[in-house]
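Derivation of every value follows stated rules applied to the coordinates shown; laboratory data play no part. Being a predicted model, the structure only gives us computed values, none of them experimental. Quick reminder, even Gly has a Cβ in these numbers, built from the backbone with ideal geometry, and neighbours come from all protein chains shown.
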Amino acid sequence: MLHERECRVRDYYASELAQHRPGELLIARENSYDGTAVRADMRTIDRSNVTRLWEFKISASYEALGQILVYMAMARRAEETAGSECLIRGVIAAFDFQPELTYTVERLNLSIELVPLPLVLAHAGGIPAFVEPISIPVIPGQSGLLAPGTDLYQQETP
């Protein structure tokens with residue numbers, strides 16, 4: 001279910017890529033590499049010929065970092081095999097990021113971009129953007145409901 005939601009968010013983002021990332025073009029969704037079972041969620045290229053591999057998450061954690069690192073390595077290997085030297089960057093797109101993930105990407109200079117997704121995209125994945133306030137019913141007290149002098153906990157005897 002979670003993967004399904006991430007795919008819907010990715011697809012909606014991809015359909016509006018020009019709005020979110022002017023000058024960047026979609027190459028593929030579910031981009032795979034020969035000889036491996038790994039697939040990047042999305043692959044784009046910009047005007048400077050920088051290829052970006054995308055991993056979409058609802059909430060990004062260590063798992064997203066591991067995935068994008070593997071995608072980048074597989075893409076770089078494929079480019080080297082093809083004799084190409086294009087620049088490859090990783091992107092993790094999510095509604096929120098684990099603080100340790102953000103720190104690690106910055107501290108280790110991993111060439112990975114963290115893209116906060118706009119909340120409007122949450123609707124594409126069926127993710128509540130906010131919690132509706134709950135209306136709690138008012139239950140009247142005992143006064144007026146019971147006959148005067150009636151004990152609420154009194155048991156009837158046969």
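First obtain the Kirkwood hydrodynamic radius of region 1-94 from its Cα pairs, then insert it into the Stokes-Einstein equation at 37 °C and 0.692 mPa s, and state the resulting D in µm² per second as a whole number.
Value of D from the Cα-based Kirkwood radius: 242 µm²/s.
Given the Cα-Cα distance of residue 16 and residue 73 and 0.36 nm per residue of separation, how much length would full extension add, in nm?
Computed gain between residue 16 and residue 73 is 17.8 nm.
Excluding residue 50 itself, what net charge comes from residues whose Cβ is under 14 Å from its Cβ, given Lys and Arg +1 and Asp and Glu -1?
Once positives and negatives cancel, what remains is +1.
Over region 55-116, what per residue volume does the convex hull of the Cα atoms give, in whole Å³?
70
Per 0.36 nm of contour for each residue apart, how much would the distance between residue 107 and residue 27 grow if the chain were fully extended, relative to their Cα-Cα spacing?
Roughly 25.8 nm would be gained on extension.
Please give me, ordered by residue number, the trypsin sites (Lys or Arg not before Pro) of region 1-72 that lie in loop per DSSP and have at most 12 other Cβ atoms within 10 Å.
For trypsin sites (Lys or Arg not before Pro) across region 1-72 that sit outside H, G, I, E and B with at most 12 neighbouring Cβ atoms in 10 Å, the list reads 47.
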